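Scroll down for the structure; my scribbles are underneath it.
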Amino acid sequence: MLSRLPLAALKSSGALGASRSTLSNVGTRSASQVRFASSSSASSSAFQSLFTSRASLVSVTLFSAGSIAWYTHLYGSLPFIGEVHANSLADDGLHPGVYPWPHKGLFDTFDHASIRRGFQVYREVCAACHSLDRIAWRNLVGVSHTADEARALAEDVEYTDGPDDAGEMFQRPGKLSDYLPPPYPNEEAARAGNGGALPPDLSLIIKARHGGADYVFSLLTGYVDPPAGVEIREGMNYNPYFPGGAISMARLLFDGLVEYEDGTPATTSQMAKDVVTFLNWAAEPELDERKRLGLKAVILFSALFAVSIQVKRFKWTAIKNRKIIYKPPVDKAH
Amino acid sequence: MRLLKSHSLLRLLNSYVVDSPQPANISYLWNFGSLLATCLVIQILTGCFLAMHYQSHVDFAFNSVEHIMRDVNNGWLIRYTHANVASFFFIFVYGHIGRNLYYGSYKSPRVLVWSIGVIILVLMIAIGFLGYVLPYGQMSLWGATVITNLLSAIPLFGKDLVELIWGGFSVSNATLNRFFSLHYILPFLLAALALAHLIALHTHGSNNPNGISSNGDRIAIHPYFMFKDLITIFFFFLVLSIIVFYYPNLLGHSDNYIEANPMSTPASIVPEWYLLPYYAILRSIPNKLLGVLAMFGSLFILLILPLVDVSRIRGNQFRPAMKLAFWFFVVNFIILMWIGSQHPESPYLEIGQVATAFYFIWFLFIVPAIGLAENTLMDIAIESK
């Protein structure tokens, strides 16, 4: 039982005796309360037990761990030692800024108007080179478009289907169950159309890149002239956020490139924000539902956690209030 | 007599998890066992449901995982739970081992419990590695390539052994298929070993923070430890929920959301966080064969602890020097974990080498030296009386 004795109680033998005698009388009161009661007569020892009690130890430790977590949450990297990752910074490209995405917080959901605008940017700009293989027209329904709108969008595209009864493949307008059409029939065609570079599929791009949405936004808006001394090969472009600095994709977003149907001014950063929100949805379509369910889980398990503490304390009352008496043999001197 | 005590199977249950007398003074550090059992049950259940939708083929594996994430009802929840509980499994197993190191639970008469536990740890690492290959992202493929290639360092038959494991000349469809098969079957071996762990423990019962016999003061698992364990289980579920629902990819690597491509190597290949210390030890040694030996040695060296800890006192409760040594070991382990995540270049390489040396010195010299010094001082004190 020695291990369970509070530190402060060990500091002076007087306090030790006091806490022992009170312990047997106070019923269910916790050990820390007892300790305060036993040492409240002298103000200096009260201060001492304030600083050395287990409650202070736990709260200060929690504060310390919590502030590390909060710092990491705020700045995206651990304090003092920086972000723990395997690449050296030179290979990594410039670190993207941290942006206040509307869907970022614990209780935040996607800005669905932004997803709809972002889909428009993808369709009119990105889709010329980038596929979005894992998204079907049906996925847009209830997210950014109504069923009729999505069906109309699908019908604009011709899909090869078949074979029919004669064994022939045929063309038909798209259905909700069809996936978004890729811009190139195969990887070789994609490379041939882009000077040897392969435009990656964008379905998972937000989850598949270090830095996620912040990185893609920084990349889209981060094109600048190469600094003095940096040679960029013909057909490549300089972007400090891209690992290595030279990227095959040229800057594509310029103010007023698309005309939003809701009248939002189509600035470069607005389009980048919208398309990144759209791509974030494409990578994590479950996000809204996930956070809603998450709050339910937190409610459920924090309640069960609280109840389990109460039940344990109740069940252990007798054990915690035992009085252990040592009776030395009478015929021995010590 | 109650059925619980007379039925030939139920009485076993009763003797193990209902009436079993436990030391009254064991702290919350003794709750890791039930947490690990909870993890194993969660992993087997979620894994079973994942396997209903997963396809172990190089062309379909990545797509089938995305199918689970997008089209299967609550599939994302099952997969994120499975992926993150794997991490919690290791957090708890490291806590469990740390508790054993601190309180000397490996000492006689619990050497068998400890030895089975070390085998469980090695098996867990193998299962974790096999599971990480299954989504067949870039990190899956290249992690599997790097780790399986380690065995090629074995003289004479290393190269043949690696090709035998691959079922071909590189990590391929045959490899993925057999990894899936093993990832499904080995957890049941793990469960059997966990039972053996319990049976071995049952003879003498749990150690306690004081390291002395607790026979004078024991209380039954039910209701006392049943309800004490439930506290940490619900707390675990709470923390797990926050990770799964709000930060599901916190412990993952973004490269694993890129489909495996044998033609393109990622900029850096890092294993899962729980394997980083061993990876750091592997890379600290310039010779490949010795590095591999050191990596496996760093796990199996745990087995010699009952031999090298010569102290007459069980546990660190009354051994201030050993307390200090214990925390040095913990910090060193964390340093190795950090080094494992860095590029093998100066100064990380040098720090890693020092940390690796300390890791082995701790087992081979520091632990026996402190035990010897304590015993000697004790002898001197007793003789001078």
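The values are calculated or read from the model by the stated rules, or taken from the named source; none is laboratory data. Because the structure is a prediction, the values reported are computed rather than measured. Positions of Cβ are backbone-derived with ideal geometry, glycine not excepted, and every protein chain shown enters the neighbour counts. The accessibility values were calculated without ligands, DNA or RNA, using every heavy atom of the protein model including side chains. Shrake-Rupley method; radii C 1.70, N 1.55, O 1.52, S 1.80 Å.
Consider residue A:253 against the criteria (1) in contact (Cβ under 8 Å) with a residue 24 or more places away in the chain; (2) surrounded by fewer than 16 Cβ atoms within 10 Å (Cβ to Cβ); (3) more than 13 Å from chain B (Cβ to nearest Cβ); (4) part of a loop (DSSP other than H, G, I, E, B): it satisfies all of them except one. Which criterion is unmet?
(2)
Would you check if there is a residue in the range B:243-255 being touching a Pro at 6+ places or on another chain (Cβ under 6 Å), within 8 Å of chain A (Cβ to nearest Cβ), of a type outside the set (Gly, Ala, Ser) and crowded, with 20+ Cβ neighbours inside 10 Å?
The answer is yes; a qualifying residue exists.
Suppose the filter is surrounded by 15 or more Cβ atoms within 10 Å (Cβ to Cβ) and over 19 Å from residue B:260 (Cβ atoms); does residue A:203 pass it?
no
Take the range A:59-113 and flag every residue that is at pLDDT below 80, charged (D, E, K, R) and part of a loop (DSSP other than H, G, I, E, B).
A:83
Can we say residue A:114 is away from chain B (no Cβ under 14 Å), within 30 Å of residue A:268 (Cβ to Cβ) and out of contact with any Gly (no Cβ under 7 Å at 6 or more places or on another chain)?
yes
Can you tell which of A:315, A:296, A:323 is under 23 Å from the mean Cα position of the chain (by Cα), within 14 Å of another protein chain (Cβ to nearest Cβ) and within 30 Å of residue B:228 (Cα to Cα)?
Sole residue among the options that is under 23 Å from the mean Cα position of the chain (by Cα), within 14 Å of another protein chain (Cβ to nearest Cβ) and within 30 Å of residue B:228 (Cα to Cα): A:296.
May I ask you to list pairs of residues, at least six apart or on different chains, whose Cβ atoms are under 9 Å apart, with the first in the range B:356-367 being closer than 15 Å to residue B:101 by Cβ and the second being of a type in the set (Asp, Glu) and surrounded by 13 or more Cβ atoms within 10 Å (Cβ to Cβ)?
Listed by first residue and then by second, the contacts come to B:367/B:309.
Take the residues in the range B:159-177 that are surrounded by 13 or more Cβ atoms within 10 Å (Cβ to Cβ) and free of Cβ contacts under 8 Å to residues at least 12 places away in the same chain; name whichever of them is farthest from residue B:131 (Cα to Cα).
Only one residue tops the list, namely B:159.
Is it the case that the range A:257-279 has a residue that's crowded, with 17+ Cβ neighbours inside 10 Å and within 13 Å of chain B (Cβ to nearest Cβ)?
Yes, some residue in the range A:257-279 is crowded, with 17+ Cβ neighbours inside 10 Å and within 13 Å of chain B (Cβ to nearest Cβ).
Going through the range B:346-381 one residue at a time, which ones are β-branched (Val, Ile, Thr) and at pLDDT below 95?
Answer for the range B:346-381, where residues must be β-branched (Val, Ile, Thr) and at pLDDT below 95: just B:351.
So which helices (runs of 4 or more DSSP H) stay within the range B:134-225 end to end and still have 1 or more residues that are within 14 Å of chain A (Cβ to nearest Cβ)?
Those helices (runs of 4 or more DSSP H) span B:138-150.
Here are the criteria: (1) without any contact (Cβ under 8 Å) to a residue 60 or more places away in the chain; (2) open to solvent by less than 30 Å² (accessible area, probe 1.4 Å). Tell me which single one residue B:60 does not satisfy.
(2)
Does residue B:264 fit the bill of being part of a helix (DSSP H, G or I), open to solvent by less than 50 Å² (accessible area, probe 1.4 Å) and either under 23 Å from residue A:309 (Cα atoms) or more than 9 Å from chain A (Cβ to nearest Cβ) (or both)?
For residue B:264, the condition - part of a helix (DSSP H, G or I), open to solvent by less than 50 Å² (accessible area, probe 1.4 Å) and either under 23 Å from residue A:309 (Cα atoms) or more than 9 Å from chain A (Cβ to nearest Cβ) (or both) - is not met.
Please specify each residue of the range A:201-232 satisfying the condition of being farther than 12 Å from residue A:242 by Cα and in a helix (DSSP H, G or I).
Answer for the range A:201-232, where residues must be farther than 12 Å from residue A:242 by Cα and in a helix (DSSP H, G or I): A:205, A:206, A:207, A:208, A:212, A:213, A:214.
Go through (1) away from every other protein chain (no Cβ under 14 Å); (2) open to solvent by 30 Å² or more (accessible area, probe 1.4 Å); (3) in contact with a Pro (Cβ under 7 Å, 6 or more places away or on another chain) for residue B:70 and report which single condition fails.
(1)
Just a yes or no: is a residue in the range B:346-358 of a type in the set (D, E, K, R) and under 22 Å from residue B:110 (Cβ atoms)?
No - not one qualifying residue is present in the range B:346-358.
Are any of the residues in the range B:339-350 more than 14 Å from chain A (Cβ to nearest Cβ) and either crowded, with 19+ Cβ neighbours inside 10 Å or free of Cβ contacts under 8 Å to residues at least 12 places away in the same chain (or both)?
yes
Just checking, does the range B:281-301 include any residue being within 11 Å of another protein chain (Cβ to nearest Cβ) and either farther than 30 Å from residue B:132 by Cα or open to solvent by less than 50 Å² (accessible area, probe 1.4 Å) (or both)?
So far as the range B:281-301 goes, no, none of its residues is within 11 Å of another protein chain (Cβ to nearest Cβ) and either farther than 30 Å from residue B:132 by Cα or open to solvent by less than 50 Å² (accessible area, probe 1.4 Å) (or both).
How many residues are in contact with a helix residue (DSSP H, G or I) (Cβ under 6 Å, 6 or more places away or on another chain) and free of Cβ contacts under 8 Å to residues at least 40 places away in the same chain when one looks only at the range B:4-39?
Number of matching residues: 5.
If the requirement is being more than 12 Å from every other protein chain (Cβ to nearest Cβ), part of a loop (DSSP other than H, G, I, E, B), surrounded by 13 or more Cβ atoms within 10 Å (Cβ to Cβ) and without any contact (Cβ under 8 Å) to a residue 60 or more places away in the chain, which of these qualifies: A:198, A:176?
A:176
Check the range A:286-301 and report whether any residue there is closer than 30 Å to residue B:234 by Cβ, in a loop (DSSP other than H, G, I, E, B) and open to solvent by 10 Å² or more (accessible area, probe 1.4 Å).
Yes, because at least one residue in the range A:286-301 is closer than 30 Å to residue B:234 by Cβ, in a loop (DSSP other than H, G, I, E, B) and open to solvent by 10 Å² or more (accessible area, probe 1.4 Å).
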